[in-house]
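Please read the structure below before turning to the comments.
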Amino acid sequence: MRILLTGTSGQLGRSLAKALSDFGELITPQRAELDLSDLASIAPYIQQCKPDLIIHPAAYTAVDQAERESELAYSINAEAPDILAQEAKRLGIGLIHFSTDYVFDGSKGTANGERIPYSEEDICAPLNVYGASKLAGEQAVVNSGCAHLIFRTSWVYSDFGKNFLLTILRLAKEKTELNIVNDQWGTPSSTLFLSNAVKQILLQLQQAETPATWWQAHQGIYHLTPSGFTNWCEFSQHIVTHAAQLGLLNAPLPTIQGIPSSAYPTPAQRPQNSCLDKTKLSQNFGIDIQNWDLALQSCLQNMASLKLADANV
Ligand SMILES: NC(=O)c1ccc[n+]([C@@H]2O[C@H](COP(=O)([O-])OP(=O)(O)OC[C@H]3O[C@@H](n4cnc5c(N)ncnc54)[C@H](OP(=O)(O)O)[C@@H]3O)[C@@H](O)[C@H]2O)c1
């Protein structure tokens, strides 16, 4: 199988490239070969590389910057997926696309003290340009009529790239006190967890007797994150505690205080509750959904063993 995999210089793309390395031939264009903001170049590129499947984690992901670069965000997050989807339809191949919890406004409350998660059927009402541009991308993929899987994920991190985990590890070394927002709820998603889930789903596709029937039965939007919910403050406390236990951080550790979002204003408004219900994913693919804290520990354990390996070189 020839797989066109975009965004391999990013967090998720890089993990997917590793997870799918023995899955077939991966075509992994960098921005210089396929610039998604150069819309006219996308269809000719796909026609020339003739993939059997497109996996598309590349996106404009700078949530705050998108407020002042809305045209560029829409071009990359909505118009480029539209072209990818139309080409997938024309070639009769599948498209795996990624979207975000920020398509929701986060106004769902709590029941019995627990956050009420959003299902795939809930109404989308993004609060910021990034979320709106990603929602437009989802709609374009669905409307194209191509065989598709759209995975909405949230709070993505890995041992690489620009993310909350690495920011907290850096700040924990620099500061004695961290003030972190504690009124936004969601689920941190390690790229290791995400790429393993995608791999399991692709194995199911590979084993299907008739791929076209498989796509018909499975295509649609799915929520894909580990299980459980937390807030940014609690997430950072878990990062610091586990990192210290694994020798990635040394004492003295910073104290971590919760603050409201109102004390940390950002250009883009974020949803307060972006917890996602994964029932549809479990029912349709039967894959194991790891708890977010265990996924965090796996990521940190990998980082610790790489550090140990580096030290032993
Ligand atoms: N990060 C999160 O917290 C989060 C949360 C929910 C959903 N998601 C979704 O999950 C997916 C993966 O996110 P991520 O965190 O892995 O993203 P990321 O680390 O920011 O990587 C984005 C990738 O997209 C590429 N890209 C951006 N603009 C491009 C352009 N004009 N032409 C070609 N490539 C371009 C980047 O290439 P360069 O290296 O050249 O810039 C990079 O490889 C995205 O669909 C995102 O919307 C992310």
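The values are calculated or read from the model by the stated rules, or taken from the named source; none is laboratory data. Everything numeric in this text was worked out from a predicted model, so none of it was measured. Every residue, glycine among them, receives a Cβ derived from its backbone with ideal geometry; neighbour counts consider all protein chains shown. Heavy atoms of the whole protein, side chains included, go into the accessibility calculation; ligands, DNA and RNA do not. Shrake-Rupley method; radii C 1.70, N 1.55, O 1.52, S 1.80 Å.
See the values below:
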| quantity | calculated |
| --- | --- |
| Test for Ala88: is it more than 13 Å from the ligand (Cβ to nearest atom), surrounded by fewer than 22 Cβ atoms within 10 Å (Cβ to Cβ) and either of a type in the set (A, V, I, L, M) or modelled with pLDDT under 95 (or both) | no |
| Subset of the range 122-164 that is assigned to a helix (DSSP H, G or I) and out of contact with any helix residue (DSSP H, G or I) (no Cβ under 6 Å at 6 or more places or on another chain) - its residue that is least open to solvent (accessible area, probe 1.4 Å) | Glu138 |
| Test: residue in the range 63-75 that is modelled with pLDDT of 95 or more, assigned to a loop (DSSP other than H, G, I, E, B), within 11 Å of the ligand (Cβ to nearest atom) and aliphatic (A, V, I, L, M) | yes |
| Output for the range 1-31, where each listed residue is open to solvent by less than 20 Å² (accessible area, probe 1.4 Å), part of a strand (DSSP E or B) and more than 12 Å from the ligand (Cβ to nearest atom) | Ile3, Leu4 |
| Candidate set: the range 282-298, residues that are part of a helix (DSSP H, G or I) and open to solvent by 60 Å² or more (accessible area, probe 1.4 Å); chosen: the one farthest from Glu69 (Cα to Cα) | Gln283 |
| Residues of the range 32-44 satisfying the condition of being open to solvent by 40 Å² or more (accessible area, probe 1.4 Å) and away from the ligand (no atom under 12 Å from the Cβ) | Ala40, Pro44 |
| Boolean, Ile256 is within 16 Å of the chain's Cα centre (by Cα), at negative phi and either among the β-branched types (Val, Ile, Thr) or modelled with pLDDT under 95 (or both) | no |
| Residues of the range 45-62 satisfying the condition of being in a loop (DSSP other than H, G, I, E, B) and either within 7 Å of the ligand (Cβ to nearest atom) or not acidic (Asp, Glu) (or both) | Lys50, Pro51, Pro57, Ala58, Ala59, Tyr60, Thr61, Ala62 |
| Positions within the range 261-281 being part of a loop (DSSP other than H, G, I, E, B), open to solvent by 60 Å² or more (accessible area, probe 1.4 Å) and farther than 15 Å from Ser236 by Cβ, in sequence order | Pro265, Pro267, Gln269, Gln272 |
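One line per residue, one yes/no per condition, for (1) away from the ligand (no atom under 16 Å from the Cβ); (2) in a strand (DSSP E or B); (3) surrounded by 14 or more Cβ atoms within 10 Å (Cβ to Cβ):
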| residue | (1), (2), (3) |
| --- | --- |
| Arg170 | yes, no, no |
| Asn179 | yes, yes, yes |
| Asp183 | yes, no, yes |
| Phe193 | no, no, yes |
| Leu203 | yes, no, no |
| Trp214 | yes, no, yes |
| Ile221 | no, yes, yes |
| Thr225 | no, no, yes |
